[in-house]
Amino acid sequence: MDMEQENRQGSSQTPHRRRPHYSGNHPRTYAEKYKEQNPEKYPETIEKVIAKGSTPAGMHLPIAVQEILDILKIQPGESGLDCTLGYGGHTRKLLKALGDSGHLTALDVDSENLVRTEKMLRAEGYGESRLSILHLNFRDIDQAAAQYGPFDFVLADLGVSSMQIDEPERGFSWKHEGPLDLRLDPAGGVTAAERLAELEREELAGLLAENSDEPYAEEIASAVHRKLKHGEKIETTTQLSAVVEEAVSAAMQKEGHKKAEIAEMAKKSCSRTFQALRIDINQEFESLGLLLDKLPEVLSPGGRAAILTFHSGEDRLVKKQFREAYREGRYQKIAEDVIRPSREECIRNPRAKSAKLRWAIR
């Protein structure tokens, strides 16, 4: 058999793989939204999704970009720190403001996301002389400063990346079937399923109340604990969301609420439950506290810092520690009021609605 025959035979044995198809007029699952995950190839699809007020699957729309640039007042040639690289949305804007002579250091705790974004940014021409990328949690900004600081400006976007939310295998969204993971860095730590199995009922109720202000924390914790105690497993996103919805629905029915109210609250409770678990297993409040404590020391005199939060607990912590540092003389000026994205941006990108921005100057 000659080489050409072998190639023909080999190719005939390899089945042709078609893209996922979907029933109806619109894709529903993450895999079916392949056009949204290829913005260069399908720009019209991307524009349509954004125009409807949605974020395309596999994309992240940076939030409050102009407000952040107005605060940071970046000058060409300065040195900056992006504490949360993510998909590079804010990073690109910071690099553009810095110009060819400036330098930006970017951190990300997500090992998988970091590799993907670094490859993309390097391909766009951002070499090591302009951009240094470190696999670090922002709680370790002092380590980044030891290598590349002090910094003229620092940005920390505390929101979870849209890609992390959209990818079912990461387990961040209760809307899609996937493993109950929720780790920001999939390379280490316990999963949300493992954490859930070890929590006592009282601990879980307290966690839900403290981390996400969940009004039905007791009912959800009791339902979860009861199911696990009877030997049933909660290892997937949909298994947990089903328990939450059932617990909240039963409690609200007893209170005499209408079906529409119950359905809406059940969805919100699912979101809050996943948020509370994510904050807990990733020690997000502890990491934020360390970031804020170290922040003045990594800034140059006159250096500017901007923190973008998406949760009331995060915003309270930023507000408190900014004020304490100001009273101690570690900052010369801090934001008196919170800054929010414009109404137009919130319409264009619903994920911007919960964003709050605060700033400080050393």
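The values are calculated or read from the model by the stated rules, or taken from the named source; none is laboratory data. Being a predicted model, the structure only gives us computed values, none of them experimental. Cβ: placed from backbone, ideal geometry, glycine included. Neighbour counts: every protein chain shown. Ligands, DNA and RNA are stripped out before the accessible areas are found, and what is left, the full protein with its side chains, is counted by its heavy atoms. Shrake-Rupley method; radii C 1.70, N 1.55, O 1.52, S 1.80 Å.
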Any residue in the range 205-228 that is farther than 23 Å from Glu177 by Cβ, open to solvent by 10 Å² or more (accessible area, probe 1.4 Å) and in contact with a His (Cβ under 7 Å, 6 or more places away or on another chain)? no
Residues that are among the basic types (Lys, Arg) and under 27 Å from Val109 (Cβ atoms), at least 1 per element: which helices (runs of 4 or more DSSP H) completely within the range 168-241 meet that? 192-198
Taking the range 186-204 as the region of interest, how many residues are open to solvent by less than 50 Å² (accessible area, probe 1.4 Å) and out of contact with any Leu (no Cβ under 9 Å at 6 or more places or on another chain)? 2
List every residue pair whose Cβ atoms sit under 7 Å apart, with the two residues 6 or more apart in sequence or on different chains, where the first one lies in the range 111-128 and is over 24 Å from Gly188 (Cα atoms) and surrounded by 19 or more Cβ atoms within 10 Å (Cβ to Cβ) and the second, anywhere, is of a type outside the set (Val, Ile, Thr) and modelled with pLDDT under 95. Leu121/Gly88
Residue among Ile141, Ile74 that is among the β-branched types (Val, Ile, Thr) and part of a helix (DSSP H, G or I): Ile141
Residue by residue through the range 82-133, note down the ones that are more than 14 Å from the chain's Cα centre (by Cα), charged (D, E, K, R), part of a helix (DSSP H, G or I) and within 25 Å of Ser287 (Cβ to Cβ). Arg92, Lys93, Arg116, Glu118
Looking only at residues that are in contact (Cβ under 8 Å) with a residue 60 or more places away in the chain and assigned to a loop (DSSP other than H, G, I, E, B) in the range 297-334, which one is most open to solvent (accessible area, probe 1.4 Å)? Phe310
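Open to solvent by less than 20 Å² (accessible area, probe 1.4 Å) and under 24 Å from Val160 (Cβ atoms), is that true of Leu134?
Details: open to solvent by less than 20 Å² (accessible area, probe 1.4 Å): no; under 24 Å from Val160 (Cβ atoms): yes.
No: the conditions fail for Leu134.
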How many residues, within the range 39-63, are open to solvent by less than 30 Å² (accessible area, probe 1.4 Å) and either at pLDDT 95 or above or acidic (Asp, Glu) (or both)? 0
Complete set of residues in the range 346-362 that are touching a helix residue (DSSP H, G or I) at 6+ places or on another chain (Cβ under 6 Å), open to solvent by 20 Å² or more (accessible area, probe 1.4 Å) and part of a helix (DSSP H, G or I): Cys346
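On the given criteria, is Leu291 crowded, with 18+ Cβ neighbours inside 10 Å, in contact with a Lys or Arg (Cβ under 9 Å, 6 or more places away or on another chain), among the aliphatic types (A, V, I, L, M) and within 25 Å of Thr105 (Cβ to Cβ)?
Working: crowded, with 18+ Cβ neighbours inside 10 Å: yes; in contact with a Lys or Arg (Cβ under 9 Å, 6 or more places away or on another chain): yes; among the aliphatic types (A, V, I, L, M): yes; within 25 Å of Thr105 (Cβ to Cβ): yes.
Considered against the rule, which asks whether it is crowded, with 18+ Cβ neighbours inside 10 Å, in contact with a Lys or Arg (Cβ under 9 Å, 6 or more places away or on another chain), among the aliphatic types (A, V, I, L, M) and within 25 Å of Thr105 (Cβ to Cβ), Leu291 comes out as yes.
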